[in-house]
Amino acid sequence: MDNTEFRLGEYLANNIERLVKTVVKSTLSNPRESAFMARFALASKDASRRRARLEAEGENIPPFLIASITSSCNLHCAGCYSRQNHACSDAAPVNQLSAEDWGRIFSDARELGISFILLAGGEPMLRSDVIETAGDYPEILFPIFTNGTMFNDEYIKLFDKKRNLLPVLSIEGSLEKTDERRGKGVYDRVRQSMERIHNDHLIFGASVTVTAENLREVTGDEFLMELSDSGCKAVIYVEFVPVTEDSKSLAPGDTEREYLKDRLSEIREKYPDMVFISFPGDEKAYGGCLAAGRGFFHINSHGGAEPCPFSPYSDINVKELSLRGALRSPLFNALREQNILNDDHSGGCVLFERRETVEALLSQSAAIAVVNG
């Protein structure tokens, strides 16, 4: 392992500790949540040491995993990358990983020192069995990226009992912007879910897809004060990735990214009781894209290990290998070794923009596998 990779691992570990400390501070007014986060902080430090030991042995273990636990969704959001990639559909799910399969993955992740597993979909809250399984791993924090339309009494009780399950509700800014992308009435349902979570003294985060059109609105004080007053403790800004030619104009360009970077510095100082993360904007601090196991990787609902959700290519399936084995993916290694993750790009995702190159590397990986028998 070269010095660049070692510094990257150290930088990731340090920033995770800072992130956890910020979350602990933001929950001081909620004794139960604060007590859990304090315990998680200790587990996170232990996980960081575990990753460091494995890295010293030549293993590249990221602290984050994205798990798409279902291909089903109850909404049809405009510009959805998951539907465009055919990773999400209205058809009945076939050959998806079971709750037991995901439990084995979560167990592997705990042993490797993976501290955060982002549950996504489709709509992850359609898989209550998997979410309940995740609750049995308190050493791992599970942000659940949900459209916010499926909260009920059972989920509220589960989130109250299992504090490592953190709902992250998607919202695009105003009622007009949210309903325009997600469907009429969705904004009101999301706000009702936020109110319900807050009234039950649970914490939650918000996921905001940033476009060239809504950037200033979703980073504005009016929107952020509304979230803060609702009890939101974390805001994750995700740059829009254009999946069709006619949506390219929505992707933030260099000017918008520079504005977001400067604005985030102001926001973080002005709202110290909230956590703000920009993806992939914050990746520049890490020296490039963090996909393909560099900082995280993705497992789809059928078990395929992929560089990231925006790059749905896989040469390894976790049904056949352990999580540690999946991280040795020839495709992941090629993407890291050829410095593709460091390339400049105009859209929100370098791998989506360089998908022809990724497809070529995948073909090479398949050919080598055939030769090796």
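For this structure, a couple of remarks:
- Of the DSSP H helices in the chain, those whose Cα atoms cover at least 15 Å axially and whose Kyte score averages -0.5 or more: 3-26, 355-371
- Virtual spin-label span in nm between Glu195 and Ser322, 7 Å along Cα→Cβ: 5.0
- Only helical runs count toward this figure. For the chain, summing -39,500 (n - 2.57) over DSSP H runs of n ≥ 4 and dividing by all residues gives -14000 deg cm²/dmol at 222 nm.
- Separation of alpha-carbon centers, region 296-339 and region 125-144, rounded to whole Å: 21
- Structure-derived mean projected area of the Cα convex hull in nm²: which label, when the choices are [x] 17.3; [y] 20.4; [z] 21.5: [x]
- Size of electric dipole in the chain: Cβ of Lys, Arg +1 and of Asp, Glu -1, about Cα centre, debye, nearest 20: 940
- Remark: the chain carries 45 Å² of accessible area per residue (probe radius 1.4 Å; ligands, DNA and RNA excluded).
- Estimated FRET transfer efficiency when R0 is 41 angstrom, pair Lys270-Ser107 (beta carbons, to 0.05): 0.50
- Comparing Ser44, Ser301, Ser193 in a Gaussian network model of the chain where C-alpha atoms under 10 Å apart are linked, the largest mean-square fluctuation is found at Ser193.
- Cα→Cβ-extended label distance, 7 Å offset, between Glu154 and Asp188, nm: 2.6
- Karplus-based coupling profile of region 294-304, in residue order and whole Hz: 5, x, 7, 8, 10, 10, 7, 5, 9, x, x, with θ = phi - 60° in 6.51 cos²θ - 1.76 cosθ + 1.60 and x standing for Gly or Pro.
- Two-site label geometry, Ser174 and His86: point separation in nm, points 7 Å out along Cα→Cβ: 3.9
- Taking 0.36 nm per residue of sequence separation and removing the Cα-Cα distance, the Glu222/Arg53 pair yields an extension gain of 56.3 nm.
- Of the solvent-accessible surface of region 101-240, computed with a 1.4 Å probe over protein heavy atoms with every protein chain present, carbon and sulfur atoms account for 45 percent.
- With 0.36 nm allotted per residue and the present C-alpha distance subtracted, the Asp246-Glu100 stretch has 48.5 nm of extension available.
- Alpha carbon centroid spacing (whole Å) that separates region 192-247 from region 51-101: 22
- For region 177-309, lysine pairs separated by 8 or more sequence positions, or belonging to different chains, with Cα-Cα distances below 29 Å total 15.
- Gyration tensor (alpha-carbon) shape descriptor, region 155-312, a/c threshold 1.5: rounded
The values are calculated or read from the model by the stated rules, or taken from the named source; none is laboratory data. Quick caveat: nothing in here was measured; it's all calculated off a predicted structure. When we count neighbours, we look across all protein chains shown, and the Cβ atoms used for this are built from the backbone with ideal geometry, even at glycine. With ligands, DNA and RNA removed, areas are computed over all heavy atoms of the protein, side chains included. Shrake-Rupley method; radii C 1.70, N 1.55, O 1.52, S 1.80 Å.
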